[in-house]
């Protein structure tokens, strides 16, 4: 169809006739619905761990690579601030989001009421900077197991994982390549495992 054909002109006009504020409003509304769903899921996970003592969650982020990969399942048991040690992986809720990060330190700081309170200092294994301090009210529990492809993964970081984490801190592209290779190697391993009788 030629550009000056009337049907083509009508299609062009129809596509351009949707006001931009309407499109932006739709995107914002969809984003709000996504945020509402995320907040609901986070709130539900919080309620489950606080009331029943444990929750099992699937990880989607890359901040804990290589210790925890996207798609891994983590089992979290409820724990108090006093029960948590440095180098443990914890689940906490901040700003309406759940985080599974490693404890790198503990600090006593002034809390909102002026009294001193103990805070956890956490960081994702792949991240360079620490997270905002985690208050006892934000702590949900400790990760007691990580499951990947129906196998248990060690919680304690080994020298290889520490080296890989340092390497991955340098670039998101390096992390993407690592995840691609990890996915590829897992698919080969699973194919071999299924073929063996």
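Here are a few things to note about the model shown:
- Linear extension gain, residue 107 paired with residue 173, 0.36 nm per residue minus alpha-carbon span: 20.4 nm
- On the basis of the beta-carbon distance and an R0 of 35 Å, residue 116 and residue 181 show a calculated FRET efficiency of 0.15.
- Summarising the label geometry, the points placed 7 Å from Cα in the beta-carbon direction at residue 147 and residue 83 lie 2.1 nm from one another.
- Alpha-carbon centroids, segment 64-131 and segment 148-190: separation in whole Å: 21 Å
- Shape box of segment 44-113 [Cα atoms, principal axes, largest first, Å]: 39, 28, 23
- Counting every pair of alpha carbons in segment 53-195, the share spaced more than 19 Å apart comes to 54 percent.
- For the peptides 65-76, 147-158, the ranking by packing is 65-76, 147-158, with the highest mean count of neighbouring Cβ atoms within 10 Å listed first.
- Shape descriptor for segment 125-182: Rg over Rh equals 1.02 (Cα atoms; Rh from the Kirkwood inverse mean 1/r).
Read the figures in this text as sums done on the coordinates, not as results from a lab. Values in this document were obtained by computation on a predicted structure and should not be read as measured data. For neighbour counting, all protein chains shown are included, and Cβ atoms are generated from backbone atoms with ideal geometry for every residue, glycine included.
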